[in-house]
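Values in this text are rule-based calculations from the coordinates and carry no lab data. Keep in mind that what you see is a predicted model, and the values were worked out from it rather than measured. Cβ sites come from the backbone with ideal geometry, for glycine too, and all protein chains shown count toward neighbours.
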Amino acid sequence: MTQLNIPDAEYMYSGHVGCPGCGATIAMKFALKALGEKTIVVIPACCWGVIAGPYPQSSLKVPILQTAFATAGAAASGLKAALDMKGDTETTVVAWAGDGGTFDIGIQALSGAVERNEDFIYVCYDNEAYMNTGVQRSSATPFGTRTTTTPGEGWKKSRKKNMVEILAAHRIPYAATANIAFPEDLIQKFVKARQMKGGTRFLHVFATCPTGWRIPSEMSVKIARLAVQSNIFPLYEVKDGIDYTLNYSGDRPVTDYLKVQGRFKHLNDNDVEQIQSMVDEDWKLLLRKTNPNQRD
């Protein structure tokens with residue numbers, strides 16, 4: 001059995017209020033192992049705004065600044081400026097937001113911050129809907145999903161927004177995807193982002209939600225792994241908006257991923273075939289970027 005190279009240090013307390021199997025809590029656990037104690041986490045309204053705990057309690061062993069839903073990018077910018085004025089060059093500022101606070105409500109502040117190339121790490125833990133307020137669809141919700149705002153035959157008919165490509169288009173120093181089922185890859189990417197120092201670094205972390213996805217809590221990590229193995233959520237890195245590196249190549253059909261989730265149970269064979277075509281199209285495009293000489 002392969003021994004995982006995972007740091008022993010823990011920066012989360014037990015007893016937090018995350019749901020059983022919550023991918024967002026797993027993501028934070030691994031991220032802080034890479035970031036260390038000299039970290040301040042900026043958290044807008046999201047699931048983690050609850051998991052972190054009400055002041056003066058906290059589920060983390062690092063300082064937290066809770067802020068308004070739309071302002072993670074702006075708040076992190078101001079916090080970094082304050083640390084610079086104090087002469088603190090060691091503390092890492094990390095904005096930690098869900099897909100709603102990144103893809104939708106927070107994109108304006110985020111885009112403004114990355115256009116200025118502010119010196120902080122921005123993390124989107126992506127559970128693909130507004131889970132904290134009742135599983136409403138976001139622009140991170142994938143095609144085919146039933147949510148409380150896309151119920152019945154009104155399931156989501158539009159594709160998921162490609163947030164890494166949007167951030168890469170800003171030509172920031174580093175943008176990457178990560179997944180809770182690949183902890184070593186996730187930790188290495190957070191270490192790389194921390195050590196870069198200077199400019200905005202963006203990490204898009206795939207984080208399962210048993211409640212919103214209608215899956216057993218014990219399947220949380222397995223389903224996250226299937227997302228990568230089926231190329232639905234590829235693992236890759238982008239430096240300076242142009243230099244692409246692919247970290248994993250999957251070969252499983254999308255049906256292996258879709259069939260184990262309640263939010264996709266309504267899909268018929270034609271719907272699944274359409275999703276497979278979308279994934280294949282996106283995968284070919286990514287391959288062209290990671291290997292510019294490849295045409296097919």
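For each pair in Lys33/Lys161; Lys156/Lys284; Lys189/Lys265; Lys161/Lys222; Lys189/Lys222; Lys161/Lys189, compute the distance between the two Cα atoms and list the pairs where it is over 27 Å.
Exceeds cut-off: Lys33/Lys161; Lys189/Lys265.
Under the rule of at least 5 residues apart or a separate chain, name every residue whose amide H is placed under 5 Å from the amide H of Ala178.
Hits under the 5 Å cutoff: His204, Val205, Phe206.
Please arrange Thr89, Thr150 by how many other C-beta atoms lie within 10 Å of their C-beta, fewest to most.
Exposure proxy ranking, most exposed first: Thr89, Thr150.
For Leu32, Leu167, Leu286, which order do you get if you count the other beta carbons within 10 Å of each Cβ and list the fewest first?
Exposure proxy ranking, most exposed first: Leu286, Leu32, Leu167.
Here are labelled values, [x] 63; [y] 37; [z] 33, and one is the computed percent of Cα pairs over 27 Å apart for what I pasted. Which one?
[y]
Modelling each spin label as a point 7 Å along the Cα-to-Cβ direction, I'd like the Gln136/Asp8 distance in nm, to one decimal.
4.6 nm
Please give the helix 220-229 orientation as an angle from the longest Cα principal axis of the chain, in degrees from 0 to 90, rounded to the nearest 10.
Relative to the chain, helix 220-229 is tipped by roughly 70 degrees.
For helix 72-85, report the angle its Cα long axis makes with the longest principal axis of the Cα atoms of the chain; keep it between 0 and 90° and round to the nearest 10°.
Once rounded, one gets 20 degrees.
Could you work out how far helix 23-35 tilts from the main Cα principal axis of the chain, as a 0 to 90 degree angle to the nearest 10?
Result, in degrees: 40.
Determine the calculated [θ] at 222 nm for the chain from helices alone, applying -39500 (n - 2.57) to every DSSP H run no shorter than 4 residues and normalising by the residue count; nearest 500 deg cm²/dmol.
-10000 deg cm²/dmol
Among the listed pairs Lys29/Lys197; Lys157/Lys259; Lys29/Lys61, which have their C-alpha atoms separated by more than 20 angstrom in this model?
Lys29/Lys197
Which ³J(HN,Hα) values in Hz, rounded to whole numbers, follow from the phi angles of the range 115-130 under the Karplus curve 6.51 cos²θ - 1.76 cosθ + 1.60, where θ = phi - 60° and Gly and Pro get x?
Whole-Hz 3J(HN,Hα) from phi for the range 115-130: 5, 7, 6, 4, 8, 7, 9, 10, 10, 10, 8, 9, 10, 6, 5, 7.
Treating only the Cα positions of the range 1-107 as identical point scatterers, give the base-10 log of I(q)/I(0) from the Debye formula at each q in 0.12, 0.16, 0.23, 0.24 Å⁻¹.
Scattering profile of the range 1-107, log10 relative to I(0): -0.43, -0.75, -1.35, -1.41.
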